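Coordinate-derived values only; no laboratory data. Remember, it's a predicted structure, so these values are computed and weren't measured experimentally. When we count neighbours, we look across all protein chains shown, and the Cβ atoms used for this are built from the backbone with ideal geometry, even at glycine.
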Amino acid sequence: MSARTRRVTADTCLRPGRGSRGGCPVCRPAMIVLAGYSDTWLAFHAAASGLTWPLYPEDIFAGPSVPTERIDLIFARSLTVLDAEAFGNTSPFPSDHAGVVATLLIEK
């Protein structure tokens, strides 16, 4: 595992000081998955892809940067994921991070 990669388990996320408030950014999504939801992006893409932030440094006029984090997530439970894609990740940027759209099948 690289320095940026951590193995997250229920024990990791529920350590004192983290609890239900989800004290670390890695723990909050892991807690959602542990509750039975699926990460819609991972249904169609590799975990290493889908980086959505930052699209540009603090100074927007300094030019684009390479996103280093995947902070825009969609979770679903008991739904079929048909597609997931990122958008808004080309200049001119509508935001400092890309968006994510998931197409879900909702059965009656």
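With contacts taken as Cα pairs under 8 Å and at least 6 residues apart, the stretch 18-108 reaches a relative contact order of 27 percent. Each other residue within a Cβ distance under 15 Å of A46 adds +1 if Lys or Arg and -1 if Asp or Glu, for a net charge of -1.
Taking each pair of different alpha-carbon atoms in the stretch 40-105 once, compute 1/r for the pair, average those values, and report the inverse of that mean as the Kirkwood hydrodynamic radius in Å to one decimal. List each step's numbers first, then the result.
Values: mean 1/r = 0.0795 Å⁻¹.
Final number for the Kirkwood radius of the stretch 40-105 is 12.6 Å.
Place a point 7 Å from Cα of W53 in the direction of its Cβ. Which residues in the stretch 86-108 have their backbone N less than 20 Å from it? Under cut-off, by backbone N: 86-91, 93-102. Of the peptides 44-50, 28-34, 102-108, the ranking by mean beta-carbon count within 10 Å, highest at the top, reads 28-34, 44-50, 102-108. The label point for I74 and the one for A43, both projected 7 Å from the Cα toward the Cβ, are 0.9 nm apart. Overall, the stretch 40-105 carries a charge dipole of about 280 debye about its Cα centre when +1 sits on the Cβ of Lys and Arg and -1 on the Cβ of Asp and Glu, all other atoms neutral.
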